[in-house]
Amino acid sequence: MPAPSKIVDELEVQKWFQAGKTYAWMVQQYKDQYQVETSISMWANYRRRHGLQRRITRDDDLIPWHVQEKHRWRYDLIMLRLEARRREGQELTARDAQRLDSWRASLEEENAVVHYDPDTDDGFFLVPREDEDTDIIRRPPQKTTKRRRAD
């Protein structure tokens with residue numbers, strides 16, 4: 001027999017997902033509102049079981065590298081993540097859209113693409129665009145990411 005659900009109000013939870021509330025917010029909200037202890041993994045499983053849209057976009061064409069932990073919050077990588085969201089048709093905040101537009105304009109002005117070198121302290125660099133560069137990144141000979149695009 002399956003364990004009873006901790007979900008008190010299904011419609012409320014559906015609205016939270018549609019509004020883009022974070023799992024951490026949902027955990028705290030349930031604790032405050034219903035005195036029910038939940039976990040981030042519970043909310044992630046709920047999303048998956050109910051066929052709701054993934055919270056993150058994975059685009060292994062834009063981020064084909066296995067990015068080291070020390071480089072995961074570098075500005076160029078953050079911008080690549082935003083670009084992936086935009087390409088997937090997800091709505092960006094006004095601030096994120098402005099940041100992305102500005103960053104893209106600087107790539108155009110400098111005629112540059114993003115290159116990743118895991119063996120350096122900075123990791124990400126803007127390098128001059130070459131004839132074989134067809135997108136905003138310098139493609140590696142092969143993808144090394146462990147986080148492939150989800151279908």
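General remarks:
- The angle separating the long axis of helix 23-34 from the principal Cα axis of greatest extent in the chain is about 20 degrees.
- Within the accessible surface of the range 1-143, defined with a 1.4 Å probe on protein heavy atoms only, the carbon and sulfur portion equals 49 percent.
- Using a probe of 1.4 angstrom and keeping all protein chains present, the accessible surface of the chain works out to 67 square angstrom per residue.
- Nearest 10 degrees, 0 to 90: helix 40-49 Cα axis against the chain principal axis: 90 degrees
- Cα long-axis angle, helix 10-19 against the chain (0 to 90 degrees, to the nearest 10): 20 degrees
- Rounded to the nearest 20 debye, the dipole magnitude of the chain is 900 debye, with +1 charges on Lys and Arg beta carbons, -1 on Asp and Glu beta carbons, and the Cα centre as origin.
- Largest GNM mean-square fluctuation among 141, 128, 64, using the chain with Cα springs under 10 Å: 141.
- DSSP-assigned coil residues among trypsin sites (Lys or Arg not before Pro) in the range 90-151, each with at most 10 further Cβ atoms within 10 Å: 146
- Cβ-based charge dipole, the range 1-133, positive-most Cα from 126, 25, 75: 25
- When the convex hull of its Cα atoms is viewed from all sides, the range 1-116 shows a mean projected area of 9.9 nm².
- 10 Å Cβ shell holding at most 12 others, DSSP loop, GluC sites (Glu not before Pro): longest site-free stretch of the chain: 38-90
The values are calculated or read from the model by the stated rules, or taken from the named source; none is laboratory data. Bear in mind the structure is a predicted one, so any value in this text is a computation, not a measurement. Positions of Cβ are generated from backbone atoms using ideal geometry, with glycine treated the same way; all protein chains shown enter the neighbour counts. The area values use the complete protein model at the heavy-atom level, side chains included, leaving out ligands, DNA and RNA. Shrake-Rupley method; radii C 1.70, N 1.55, O 1.52, S 1.80 Å.
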